[in-house]
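Encoded as C-alpha cells, the structure appears first; notes follow it.
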C-alpha cells in the first residue's frame, strides 16, 4: 500500500523532491539558520556550514559538466544525473538561506532593503532554478554570486578589520577564485569552457558591477557587524559592567508591533540613545550615533550631532554604547548607528512629544 506512494524512478524522485520536499525544507532551513545554526558569523560552525555548501556546489558543477561532455559514462552516474541539479539547487539554496539570515540581521532594513530583498528573491527563485542548473553559464554565474557574498564578510573575520579596502579585496579574490575554477574546468572540459566563456565573462562582469554599486550606495549591510539592541531612553547610566536604562512601559505585544516609538519628554529632559553592536572577537572599530531631526519646512532630515565611540569585538550580546542630546525640538527624530565609513548598522526612530511632567518609568539592566 505504501509502495504505490513512493517514487518509481530517479526522475520521479527528483520531481517529487522539487514539488513537495523542497518548499518545506526552504522554510525549515531558514528558521534553523536564523535561530540555531548561524547565531554568530565568527564561530567555526557557521564557516564550516558555508564552506561545505560552497564545496558541494563546486563539486556538482564539475560533475555535471563531465557527464554532459561524455567524460563520465558509468551507468550509475548516468542513472543519478536527474538528481544532480537538485543537489546543486540544495547547495545554493543553503547559501542563499544563510546569507539572508546573516545579512538581514546586520543592518537597518530601511538602509539595506535592496540587497536583503535581492537575497530573498534569489532564495525563493532558487526553488524554480533547478532546470537551469544543467546550464554551465548559469551555474558559474550563481557560484560567483555566492562566492563574492561570502568573502564580503569572511575577509573581515580573517583580517580583523572592515571597510572599503576589505570589500575591494573580496571582489578581487572572488574574481581570482572564479578564474581559477574556470582554469580547472578548461582542463576537464575545454570545449565547454571555450563555448561558454564569452557569456560567462559578460555575466560575471554584470554581477560584479551590481554588487559594487550596492556596496558603495550603502545597500549592502556591514557584516560582520550586527545590531543586537537599540532604543531611545529617558536615562542611561553605567554601573560597573552594566547599563541601567529608564524607559516607558508598553504592553508586551506593542513592543513587537511598533516601528516609531513615542517619547514623552518632560521639560528640560535630555534624550538618550543606546545600542549594542556585535563585532567578532579581535575586531576593533569606531562607530557613531548620528542624531537627526526631521525638518517639516524642508521635509529633510537635519543632522543635529554625531557622537563617535570605539567598539571592541567578542561580546555575544554586543558592545554597548550610548549618546545623549539636550536639543529641545519636538517631532520626528532618528538616530543612525553607523560605521566610520557611513554604513548604517541600525536605526532608532521615534517621535518626541512634550508633556508637562515626567511620566512613570521602568528600569531594565543590560
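Key figures for this structure:
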read-out	value
Relative contact order for the range 226-365, counting Cα pairs under 8 Å that sit 6 or more residues apart, in percent	34 percent
Part-to-part distance (alpha-carbon centres) for the range 257-315 and the range 330-366, which is given in Å	6 Å
Extension gain (nm, one decimal) between residue 242 and residue 209, 0.36 nm per residue minus Cα-Cα	7.4 nm
Stretchable slack from residue 195 to residue 55, in nm (0.36 nm times residue separation minus alpha-carbon distance)	47.9 nm
Cut-off 18 Å (backbone N to label point 7 Å along Cα→Cβ of residue 355), residues of the range 215-252	232-236, 245-252
Label-point separation in nm, residue 365 to residue 160, each point 7 Å along Cα→Cβ	3.2 nm
Semi-axis lengths, Å, the range 137-212, gyration tensor of Cα atoms, sqrt of 5 times eigenvalues	26, 13, 8
Shape of the range 215-305, Cα gyration tensor, a/c cut at 1.5	oblate
Cα-derived Rg over Rh, computed across the range 215-366 with Rh taken as Kirkwood radius	0.96
Extended-chain gain in nm, criterion 0.36 nm per residue less alpha-carbon gap, residue 68 and residue 216	49.3 nm
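Values in this text are rule-based calculations from the coordinates and carry no lab data. Since the structure is predicted, the reported quantities are computational estimates derived from the model, not experimental observations. Because the Cβ atoms are built from the backbone with ideal geometry, glycine has one as well, and the counts that use them run over all protein chains shown.
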